[in-house]
1. What number of residues in the range 630-653 are modelled with pLDDT under 95, more than 9 Å from the ligand (Cβ to nearest atom), farther than 15 Å from VAL710 by Cα and surrounded by 12 or more Cβ atoms within 10 Å (Cβ to Cβ)?
2. Is at least one residue of the range 189-203 part of a strand (DSSP E or B), more than 30 Å from ARG283 (Cβ to Cβ), modelled with pLDDT of 95 or more and in contact with a Leu (Cβ under 6 Å, 6 or more places away or on another chain)?
3. Any residue at all in the range 377-390 that's assigned to a loop (DSSP other than H, G, I, E, B) and among the hydroxyl-bearing types (Ser, Thr, Tyr)?
4. I'd like the full set of residues that are over 19 Å from TRP361 (Cα atoms) and assigned to a loop (DSSP other than H, G, I, E, B), limited to the range 393-422.
5. Looking only at residues that are of a type in the set (A, V, I, L, M) and crowded, with 17+ Cβ neighbours inside 10 Å in the range 654-681, which one is nearest to the ligand (Cβ to nearest atom)?
6. Just wondering, is there one or more residues in the range 86-94 that are within 21 Å of ILE162 (Cβ to Cβ), crowded, with 19+ Cβ neighbours inside 10 Å and touching a Leu at 6+ places or on another chain (Cβ under 6 Å)?
7. GLU842 versus (1) of a type in the set (Asp, Glu); (2) more than 30 Å from TYR751 (Cβ to Cβ); (3) at pLDDT 95 or above: which is the lone unmet condition?
8. Could you tell me which numbered condition GLU319 fails, if it satisfies all but one of (1) in contact with a Phe, Trp or Tyr (Cβ under 7 Å, 6 or more places away or on another chain); (2) within 30 Å of GLN37 (Cα to Cα); (3) of a type in the set (Asp, Glu)?
Amino acid sequence: MSFLWIYLAVATLGSVLPTWALRTYPSNEVMKSDARQTCVQTSCSVTLLDSMSALGDLGWVAYPAEGWEEISVMDERNTPMRTYQVCNIMETSQNNWLRTSWIPRGGAQRVYIEIKFTLRDCNSLPGVQGTCKETFNMYYYESNNSNLWFIKENQYIKIDTIAADESFTQVDVGDRVLKLNTEVRDISNLYKKGFYLAFQDVGACIALVSVRVFYKKCPMTVRNLALFLDTVTGGDSALVEVKGSCVNNSVEFDAPKMYCSADGGWLVPIGRCVCKPGYEEKREACQPCRPGFYRALLTDTYCTKCPPHSFSLEDSSAECTCEKGFYRAESDLRSTACTKPPSAPDNPISTVNETSVIMEWSPPEDTGGRFDITYNIHCRRCQVEGHKCSPCGSGIHYIPRQFGLVHSRVLITDLLPYTNYTFDIEALNGVSELSSGPKQFISVNITTSQAVNVILKERKSKDSVTLAFQGPEKSNDAVVEYEVIYYEKNQKDQNYTVLKTRSTFMTVDGLKPGTIYIFRVRAHTVGGHGIYGGEIELETSTEDMIAIADPNQITILAISIAGGIILLIFLVTCFFVSGRHCGYIKAKQDPDEEKMQFQHGRVKLPGSRTYIHPHTYEDPNQAVRDFAKEIDASSIRIERVIGAGEFGEVCSGRLKLPSKREIYVAIKSLKAGYSEKQRRDFLGEASIMGQFDHPNIIRLEGVVTKCKPVMIITEFMENGSLDSFLKKHDSQFTVIQLVGMLRGIASGMKYLSDMNYVHRDLAARNILVNSNLICKVSDFGLSRVLEDDPEAAYTTRGGKIPIRWTAPEAIAYRKFTSASDVWSYGIVMWEVISYGERPYWEMSNQDVIKAIDEGYRLPPPMDCPIVLHQLMLDCWQKCRNDRPKFGQIVNILDKLIRTPSSLNQLANSSSWQDPSVQDSFTVTTIVEWLEAIKMTQYTENFTMAGYVTLHSVGYLNNSELSKIGITLAGHQKKILTSVQNLQAQGTHLQI
Ligand code: AMP
């Protein structure tokens with residue numbers, strides 16, 4: 001019966017075995033371990049034992065002898081197959097053991113056992129109830145010993161009790177009703193070299209057809225260019241961490257590792273290797289770049305074609321070599337084209353002003369393919385133009401610097417007078433120093449000169465004047481003679497006289513009494529004629545008198561005369577305030593002013609109005625009563641707050657005075673809790689303002705002092721302060737409109753200076769603008785320069801001064817005069833033309849002081865007519881006497897307004913100091929850029945139009961700007977100029 005079962009069991013495996021094939025084999029062969037590997041998709045299993053593939057006797061141990069029995073059968077390929085069966089179902093107390101040979105575990109910690117067997121249904125067998133069983137047990141025993149001949153039953157560890165899923169009831173070969181059962185169990189955490197399996201039968205009818213023992217492993221694989229070797233799965237269900245090693249020609253980018261799961265599959269890879277430079281990734285390997293291609297960085301994806309002017313001849317190139325004459329700077333990306341040094345600068349223009357020279361030039365025609373052009377200036381002192389030269393040595397100053405100039409302009413100062421110089425302007429770029437070729441430069445020859453200082457003016461009589469001169473201090477060439485030119489004021493075109501002398505003084509005779517003459521002097525050296533010094537204006541007296549006026553050398557005589565003048569002015573002032581309170585007046589605003597008047601050869605005639613400082617009143621309230629009208633508070637209607645002043649809010653409202661039309665007014669009020677001094681200072685402004693009556697000076701309507709709060713009422717200026725008004729309307733006015741505004745301010749200032757009032761804080765923020773764009777000078781507060789103005793900074797001498805607006809002599813020794821107001825006016829001009837730009841941008845006050853001292857002056861703002869910049873420069877003359885007077889400024893501006901064509905020629909706009917490309921300033925985003933060029937109102941336009949990075953603004957042009965909603969021509973120009981500047985300074989923009 002047992003043979004028949006086996007036959008049937010094997011038949012169910014798919015092979016019909018003929019009965020003649022059933023025969024037994026000797027049982028002395030040792031079972032060989034079969035380490036065959038089978039892989040399904042990405043997981044593999046390694047077989048340690050397979051009873052089906054045993055060639056000879058399995059040699060398993062069975063006891064007792066009447067228990068398990070080995071049966072050999074042949075399959076259809078005539079291969080012998082070893083099986084075991086037992087069927088002692090009629091007897092009680094069965095305990096039949098079958099033990100396999102020793103199975104090496106092959107490094108695995110967990111092994112799987114797959115058994116195939118048939119099991120007879122006890123119910124189908126008559127007379128076996130009570131003895132027949134339908135299960136058997138499976139055990140294992142771990143051991144390092146492969147030759148154990150006996151293991152005690154209780155030493156085995158039970159794996160499981162195995163029952164059949166399918167048992168069979170009858171033998172029906174034809175229908176093949178026998179069912180083969182397959183069960184798989186596993187054992188974990190094996191640690192000895194091998195183990196034995198055992199099957200315990202307790203009275204069932206079983207045929208054990210096949211036993212296969214295997215373990216699982218993750219197979220060798222390459223992921224993310226890292227090689228992961230075959231890995232046996234872990235003991236229990238733990239993952240095994242495996243480190244990968246980079247494939248050939250690759251390097252570790254991020255330590256590669258992967259986990260091998262318990263069922264022999266790899267989980268997601270972590271980290272990666274990348275191909276070495278010169279190689280690119282293809283099909284999980286690194287392939288070399290072809291000639292003509294390169295891959296420089298680990299982060300580059302593929303090999304790319306060599307950039308312009310470079311090549312690679314070999315396989316696997318990490319970078320391309322530059323063609324002859326082309327170079328790559330250290331900071332250049334390997335992906336950028338090779339470049340060459342620039343050609344020489346072009347079109348040099350030099351403007352010599354005595355011992356300084358401004359040089360400007362055009363950028364080189366050939367930039368060599370780069371945007372980082374800079375310039376170096378080399379100086380030679382020559383005997384003859386460009387010949388017999390020697391180095392210039394130190395002592396010469398270059399503004400902004402001598403080497404590494406970014407803009408094509410330099411100011412060179414402190415040259416020797418009457419000397420030939422040759423300046424070589426060299427153009428360089430980032431690869432110049434790599435080239436051994438000749439320097440690319442253009443030479444400029446200049447000859448310096450120096451004006452003659454007239455140090456003394458002596459009016460000897462009503463018809464003669466004596467002048468003394470001081471020649472050039474540093475001249476190489478001795479002065480041969482001096483030349484004096486003089487003419488009656490305003491008569492130069494008709495008649496002038498030139499006199500020469502070898503001496504350093506000259507008396508000019510034959511002058512008309514009581515007439516104003518202009519004198520100018522120049523030196524003549526062997527090097528040629530110098531330039532004329534500044535105009536000296538002198539008026540001959542009607543009487544003979546002696547006067548000396550030297551700003552540097554005030555003689556006792558001059559002091560005594562100045563004292564006389566002060567007395568005279570005192571009398572004039574008394575005359576002016578006669579009928580008021582002459583007796584209260586102590587002194588005038590600034591004693592230096594009188595000196596200045598005298599130096600200019602003029603004394604105000606009695607009768608002309610002169611400003612009186614409120615502090616000259618013993619009772620300041622009297623000054624208020626004298627100069628300001630008391631207004632009844634009931635005639636004022638306050639409407640809204642428009643600003644904040646030093647002493648309280650500033651409101652707008654209406655004023656209706658009896659028998660007058662209602663007018664709009666500004667109302668400054670004195671906040672509660674003020675001290676007596678604060679009240680005095682607050683009303684002091686009204687006392688000053690009340691003395692003025694001019695269309696370009698803010699008009700005082702009156703004061704409220706009799707009830708609280710104390711108020712100052714002025715005319716209302718609809719457009720507020722000039723600086724914020726200009727910023728708000730950037731680029732929206734014609735140049736004539738701007739000049740019109742400036743003319744108004746100059747006219748107001750002329751009026752103030754005529755009244756001997758020195759403003760000290762003239763700045764666009766202190767000018768108010770009404771609805772007709774009329775500008776009026778305001779802010780006459782007594783303490784304003786000290787406390788009120790946020791721009792004011794402490795100087796080394798202790799005072800607080802708005803440095804950027806203030807003339808150097810006022811900063812250095814508090815010499816505030818109308819001439820220092822003229823300096824401030826020049827700054828206001830610059831503010832107006834630049835639409836409220838901050839003078840000297842973000843430079844520190846200290847740097848401003850230093851730069852001014854070294855001769856630096858603000859460059860023309862964008863679109864500034866050359867004549868206006870020239871006027872600014874005139875206002876910024878170091879020597880205050882050389883600055884124009886406000887009267888002259890008004891005349892000049894009037895002339896410009898009458899002939900607008902004179903404003904057509906613009907100063908070089910490339911010198912617009914675009915803040916986004918200043919040395920100290922690096923913009924990296926669109927927002928930063930718009931902030932720097934003060935165009936933040938367009939941030940949203942850029943965002944909405946999809947401009948995300950600064951690089952993308954390279955695409956902009958006028959029509960694109962219109963499309964994104966920036967339509968003002970001035971704004972378009974400012975933005976596009978800045979784009980060009982960004983490109984020129986090397987910011988990489990897409991174009
Ligand atoms: P201030 O007392 O000059 O510091 O004035 C503070 C602010 O009030 C100024 O910056 C102006 O914006 C505003 N303000 C002062 N006076 C006037 C005025 N007359 N008309 C219009 N706004 C004024």
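1. Residues in the range 630-653 being modelled with pLDDT under 95, more than 9 Å from the ligand (Cβ to nearest atom), farther than 15 Å from VAL710 by Cα and surrounded by 12 or more Cβ atoms within 10 Å (Cβ to Cβ): 1 in total.
2. Yes.
3. Step one: list which residues in the range 377-390 are assigned to a loop (DSSP other than H, G, I, E, B), which gives 385-386.
Adding the requirement that they be among the hydroxyl-bearing types (Ser, Thr, Tyr) leaves none.
Within the range 377-390, none of the residues are assigned to a loop (DSSP other than H, G, I, E, B) and among the hydroxyl-bearing types (Ser, Thr, Tyr).
4. Result: GLY393, SER394, GLY395, ILE396, ASP414, LEU415, LEU416, PRO417, TYR418, THR419.
5. Of the range 654-681, the ones of a type in the set (A, V, I, L, M) are 655, 657, 663, 665-667, 670, 672.
From what's left, crowded, with 17+ Cβ neighbours inside 10 Å: 655, 665-667, 670.
Numbers: LEU655: 12, VAL665: 8, ALA666: 3, ILE667: 9, LEU670: 11 Å.
Filtering first and then ranking leaves ALA666.
6. No, the range 86-94 contains no residue that is within 21 Å of ILE162 (Cβ to Cβ), crowded, with 19+ Cβ neighbours inside 10 Å and touching a Leu at 6+ places or on another chain (Cβ under 6 Å).
7. (3)
8. Against the list (1) in contact with a Phe, Trp or Tyr (Cβ under 7 Å, 6 or more places away or on another chain); (2) within 30 Å of GLN37 (Cα to Cα); (3) of a type in the set (Asp, Glu), GLU319 comes up short only on (2).
The values are calculated or read from the model by the stated rules, or taken from the named source; none is laboratory data. Just so you know, these numbers come straight off a predicted model, no measurement behind them. FYI the Cβ positions are ideal-geometry reconstructions off the backbone, even for glycines, and counts take in every protein chain you see.
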